[in-house]
Amino acid sequence: MRGLIQGYKYGLKDLSSYKVSVLLSVLTTILGIGVLIFAKHPALRSIAIMSIIGIATVVFITFTILPGIFSWLVTYKKGLRNRPVTFLDFIFSIISLFVFIGGALLMGLFALILEIIPANRLKKKWLFHVIFSKLTWFLIYLNFLSPKKIINPHKEDFKKPAIIIANHQSHIDLMLMMLLNPRILIVTNSRNYYHPVHGKAIRYADFLPHDAGYEKLTEMAAQKVKEGYSIMIFPEGHRSDTGEIRRFHKGAFQLAHDLKIDVLPIIIHGQNQCLKKSEFFLKRGTVVTTILPRIDLSKNEFGETIKEQTKGIQAYFKDEYAKVQSQFETPGYFSDYIKKNYLYKGPVLEWYTKIKIRLEKNYAFFDEIVPKKARITDLGCGYGYLDYMLSLTSAERLITGIDYDHDKIKIAQNCAIKNDQITFTAGNIIKLDFNESDVFILNDVLHYMPINLQIQTIEKCIAKLTTKGMIIIRDADKSLQKRH
């Protein structure tokens, strides 16, 4: 276990020394007690047999099950998890999975019953959609530790059919659309349409198969629009792993043009925080659904051709998504990301990370005064908490973190949220030559130095400071001794 933790903590891949230690322990135990299996007394032989079975079991668990579980906690098929699996998230994931499967099977059975019952088809379908929408609402809000917010400033009621478009980052997206209103039908792929668990419910709900071909899809959509339903399409086509808005395909806009109905853009933010693409376990996070005003393509506000309108609406959607990001992606939003990146790296470091970030109030003040676009040098960066916060809240900050402690730098470098914006360097800030920077940060560093070196360090920063740059100094008063 120590070897696995050290490997995850420092990025080391060599477990051989720990494996050798375990095998040596096994050997000494077998030599010391296991040889009693050759004893004539049955009690001594039974002690030996128990010891051999016990040690063999320990070896099997140590070399197979233990690393397997640990690897699952901190990695997935694309590398390190940006937030490892925790016990509470695991419990909510299992509960949600059972509710989802049970609800899907129940709705499939309900669909079979409705098909048999002799009643008005439209009324049966409407009842099914209402129950489907309510069940989806229950599943999403079941994870009460993850706040949900629906922003609808234009009082959209979905009474008038439209082609609904939304960004696509997670499996949760479909359910977030379905809970908004029973009048929403989703264009889905054949894998979902014919899925053995929820396929029957989806087909009875008249969701539209993407693989049917455009002409057939248009015919089916036109019929549902006449019945008062809106058609929901993800114009990106596939889920985005990074959270960025990808290229829009023109199919949704061509369909809106052919059916002569509005386009209704909806922004979903935070869903990939809860269920990232390629992962299968829910995590806590804030999900915000923002309903934008309708777009009438006949007014040609975003261009005259379908191609121009697709590009224009994509640009508009990206701008609106950026506004949502700037509003909700605050230091408080990202604090959980930073804390989780130091989980399973030792209890002392876990405790220190949580206390430090709480005392620093998520570094909100630094984020406020540091420009969103800047070259930043953090002298005495420690484990890199501040640097990660500054990079997460703005992609245009280029950050260099420097610290004398090589172990802290190794730990900072080996985080899943590490990206090309950040460079960590181990070294003495007195001897190192700094690069030119817009911002120098000296956070709780200078009081460790004699006064002459404090002055020397500040002068080095001044010499490398760009025009209109800033030096941020936050430090303790050593003369207070027992308090700061």
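The values are calculated or read from the model by the stated rules, or taken from the named source; none is laboratory data. Predicted model, so just to flag it, every value in this text is computed and none were measured. A quick note on method: Cβ atoms are made from the backbone with ideal geometry, for glycine too, and the neighbour counts reach across all protein chains shown. Side chains are part of the model used for accessible areas, which takes the heavy atoms of the whole protein and leaves out ligands, DNA and RNA. Shrake-Rupley method; radii C 1.70, N 1.55, O 1.52, S 1.80 Å.
For the stretch 38-100, the extents of the C-alpha atoms along the principal axes are 58, 28, 15 Å, listed from largest to smallest.
Our compactness index for the stretch 373-484, the C-alpha radius of gyration over the empirical 2.2 N^0.38 Å, is 1.06.
Residues Lys40, Lys307, sorted by accessible area with the largest first, give Lys40, Lys307 [1.4 Å probe; ligands and nucleic acids excluded]. Protection proxy ranking, highest mean first, for peptides 18-31, 134-147: 134-147, 18-31, where packing is the per-residue count of other beta-carbon atoms within 10 Å, averaged. Please report the net charge: other residues with Cβ closer than 14 Å to the Cβ of Glu156, K and R +1, D and E -1. In short, +3. Calculated [222 nm] ellipticity per residue, helices only, for the chain: -15000 deg cm²/dmol; basis is -39500 (n - 2.57) per DSSP H run with n ≥ 4, divided by all residues, nearest 500. Using the Stokes-Einstein relation with a Kirkwood hydrodynamic radius computed over Cα pairs, the translational diffusion coefficient of the stretch 268-385 at 4 °C and a viscosity of 1.567 mPa s comes to 73 µm²/s. For Ile472, the amide hydrogen comes within under 5 Å of the amide hydrogens of Phe440, Ile441, Leu442, counting only partners 5 or more places away or on other chains and with H modelled in the peptide plane. Solvent-accessible surface of the stretch 255-382, averaged per residue with a 1.4 angstrom probe and all protein chains in place: 45 square angstrom.
Split the accessible area of the chain by element, probe 1.4 Å, and carbon with sulfur accounts for 61%. Its residue count N fixes a reference of 2.2 N^0.38 Å for the stretch 332-417, and the Cα radius of gyration divided by that reference is 1.02.
Rounded to the nearest whole angstrom, the semi-axes of the ellipsoid equivalent to the stretch 1-153, taken from the Cα gyration tensor as √(5λ), stand at 55, 25, 11, largest first. With the charge dipole of the chain set up from +1 on Lys and Arg Cβ and -1 on Asp and Glu Cβ about the Cα centre, the Cα lying farthest toward the positive end among the listed residues Phe440, Ile140, Asn272 is that of Ile140. Just to confirm my numbers, what's the Cα centroid distance between the stretch 267-303 and the stretch 65-94 in Å? Rounded to whole Å, the Cα centres lie 26 Å apart.
Work out the length of the dipole vector of the stretch 235-279 about its Cα centre, built from +1 on the beta-carbon of each Lys and Arg and -1 on the beta-carbon of each Asp and Glu, and round it to the nearest 20 debye. Walk me through the numbers before you get to the answer.
Details: 7 positive and 6 negative charges, 17 e Å.
With only Lys, Arg, Asp and Glu charged at Cβ, the dipole is about 80 debye.
Between Ser16 and Asp420, the simple spin-label model (points 7 angstrom out along Cα→Cβ) gives 3.4 nm. Converting phi to 3J(HN,Hα) with the Karplus coefficients 6.51, -1.76 and 1.60 and the offset θ = phi - 60°, the stretch 379-385 yields 8, x, 6, x, 7, x, 4 Hz in sequence order, with x at every glycine or proline. Considering all different alpha carbon pairs of the stretch 195-330, the Kirkwood hydrodynamic radius works out to 16.7 Å.
I need the per residue convex hull volume for the stretch 7-53, using only the alpha carbons, in cubic angstrom as a whole number. Working shown, then result.
Numbers: hull volume 3.3 nm³, N = 47.
So the per-residue hull volume is 70 Å³.
Measuring r between the beta carbons of Asp206 and Ile150 and using R0 = 25 Å, the FRET efficiency lands at 0.55. The calculated pair-distance distribution of the chain uses every alpha carbon pair, bins of 20 angstrom beginning at 0, and gives 19, 40, 29, 11, 1 percent.
Dividing the convex hull volume of the alpha carbon atoms of the stretch 154-254 by its residue count, what do you get in Å³ per residue? Before the final figure, lay out each step's value.
Details: hull volume 11.4 nm³, N = 101.
Value for the stretch 154-254: 113 Å³ per residue.
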